[in-house]
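A quick write-up on the structure given underneath.
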Amino acid sequence: MGIVVFDGLAFGALLFLISVGLSVTMGLMNFVNLAHGAFAMAGGYAASVVMNAYGFGFPAALLAGFVAGAVSGAAVEVLFVRRLYRSHPLEQVLFTIGLVFASIATATYFFGPTMQPFSIPPYLEGNFAFLGAELSRYRLFLIVVGVIVVAALVLGLDRTRFGAMIRAAVDNQRVARGCGINVDRLFLATFTLGCGLAGFGGALSLGMLTLNPIFPLKYMVYFLMVVCVGGAGTITGPFLAALIVGIGDVAGKYYVPQTGGFLIYLLMLALLLARPNGLVVKKGAR
């Protein structure tokens with residue numbers, strides 16, 4: 001049981017790292033971005049290329065993943081997304097779904113349909129003993145990174161001028177512009193940060209998930225599940241939801257493997273029925 005919970009926490013931490021940017025764009029910027037997994041995939045491929053083709057170490061690969069997600073996100077925001085902020089949500093959904101399939105085709109063309117190779121760095125290989133159980137060092141690393149990121153984001157959005165400006169721009173763009181806030185630049189920075197975190201999570205996923213061209217489509221439901229169950233626009237909500245989803249998914253596949261991922265969807269429905277606005281409701285929302 002302990003191993004199942006531990007592996008579930010690690011999977012949940014990884015889901016959070018990839019999904020938290022989607023929570024920001026959906027909840028704070030009011031943009032439905034179903035292509036969020038594409039930026040995670042970009043980060044994963046960048047990390048793989050940096051390690052396998054150029055021989056850099058794992059820290060450099062994680063940095064490359066963040067940069068790849070951030071740069072691709074910034075380009076998409078400037079060229080396309082900022083034209084859709086005030087459009088109907090259906091238009092946003094159609095565009096981002098199209099972006100998903102475009103990213104799949106691009107990844108297939110450049111990297112082929114097969115899974116990308118990855119070797120865990122020696123200092124994160126193997127297991128360690130804890131209370132009689134053998135636990136993975138790499139999974140512990142994912143949990144620690146997840147906790148650090150959630151703490152940094154909570155402090156950054158709740159206690160800094162940047163976070164206050166984001167909330168002001170979302171509540172009333174006209175007033176925010178009148179106060180001297182450059183809303184376009186602010187939204188660009190926010191979207192870029194969210195995509196960079198997705199790319200960072202995509203790089204970390206190399207050691208736990210399968211990275212191939214269908215990655216953004218395969219895990220799209222998981223990312224949406226984390227944000228919807230946790231509460232869009234919050235940080236702690238998706239973190240709690242990611243841990244619940246991670247433990248529920250791992251436990252279901254371990255104890256009732258014949259059901260596959262069916263149990264996690266039942267859990268999601270139960271949580272949404274009990275808390276339709278999410279586990280943590282954004283300040284000012286009802």
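The values are calculated or read from the model by the stated rules, or taken from the named source; none is laboratory data. If you're wondering where the values come from, they're calculated on a predicted model, not measured in any experiment. No Cβ is skipped: glycine too gets one built from the backbone with ideal geometry, and neighbour counts run over all protein chains shown.
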Task: helices (runs of 4 or more DSSP H) lying entirely in region 174-232 (those with 3 or more residues that are farther than 26 Å from Gly261 by Cα) - done: 183-204
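Evaluate the following for Gly201: is it small (Gly, Ala, Ser) and touching a Lys or Arg at 6+ places or on another chain (Cβ under 9 Å)? So that I can check it myself, show each step before the final result.
On the way: small (Gly, Ala, Ser): yes; touching a Lys or Arg at 6+ places or on another chain (Cβ under 9 Å): no.
No: the conditions fail for Gly201.
Yes or no, residue by residue, for (1) part of a helix (DSSP H, G or I); (2) touching a Leu at 6+ places or on another chain (Cβ under 9 Å); (3) hydrophobic (A, V, I, L, M, F, W, C):
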{"site": "Tyr54", "(1), (2), (3)": "no, no, no"}
{"site": "Val67", "(1), (2), (3)": "yes, no, yes"}
{"site": "Val100", "(1), (2), (3)": "yes, yes, yes"}
{"site": "Ile104", "(1), (2), (3)": "yes, yes, yes"}
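Criterion first (surrounded by fewer than 24 Cβ atoms within 10 Å (Cβ to Cβ) and at pLDDT 95 or above) does Val71 satisfy it?
Here the answer is yes, as Val71 does meet what is asked.
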Task: Single condition Thr234 does not satisfy, out of (1) under 14 Å from the mean Cα position of the chain (by Cα); (2) modelled with pLDDT of 90 or more; (3) not acidic (Asp, Glu) - done: (2)
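Please verify whether Val50 is free of Cβ contacts under 8 Å to residues at least 40 places away in the same chain, closer than 25 Å to Val144 by Cα, among the β-branched types (Val, Ile, Thr) and part of a helix (DSSP H, G or I), treating the condition exactly as stated. Explain how you work it out, then say what you get.
Working: free of Cβ contacts under 8 Å to residues at least 40 places away in the same chain: yes; closer than 25 Å to Val144 by Cα: yes; among the β-branched types (Val, Ile, Thr): yes; part of a helix (DSSP H, G or I): yes.
So Val50 fits the description; yes.
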Task: One residue from Phe11, Phe6 being within 21 Å of Leu224 (Cα to Cα) and among the aromatic types (Phe, Trp, Tyr) - done: Phe11
- [ ] Hey, could you check region 38-48 for residues that are over 28 Å from Met165 (Cβ atoms) and touching a Leu at 6+ places or on another chain (Cβ under 8 Å) and say which is surrounded by the most Cβ atoms within 10 Å (Cβ to Cβ)?
- [x] Met41
Open item on the list: So Leu266 ticks every box in (1) more than 16 Å from the chain's Cα centre (by Cα); (2) buried (at least 18 other Cβ atoms within 10 Å of the Cβ) but one. Which box is left unticked?
Closed with: (2)
Task: Whichever residue in region 128-149 is surrounded by 14 or more Cβ atoms within 10 Å (Cβ to Cβ) and either polar (S, T, N, Q) or part of a strand (DSSP E or B) (or both) and, among such residues, is modelled with the lowest pLDDT - done: Leu135
Task: Top-ranked residue in region 106-127 [being part of a helix (DSSP H, G or I) and in contact with a Ser or Thr (Cβ under 9 Å, 6 or more places away or on another chain); ranked as surrounded by the fewest Cβ atoms within 10 Å (Cβ to Cβ)] - done: Leu124
TODO: Could you check, for region 49-56, whether at least one of its residues is within 30 Å of Ser136 (Cβ to Cβ), surrounded by fewer than 24 Cβ atoms within 10 Å (Cβ to Cβ), in contact with a Pro (Cβ under 8 Å, 6 or more places away or on another chain) and at pLDDT below 95?
DONE: yes
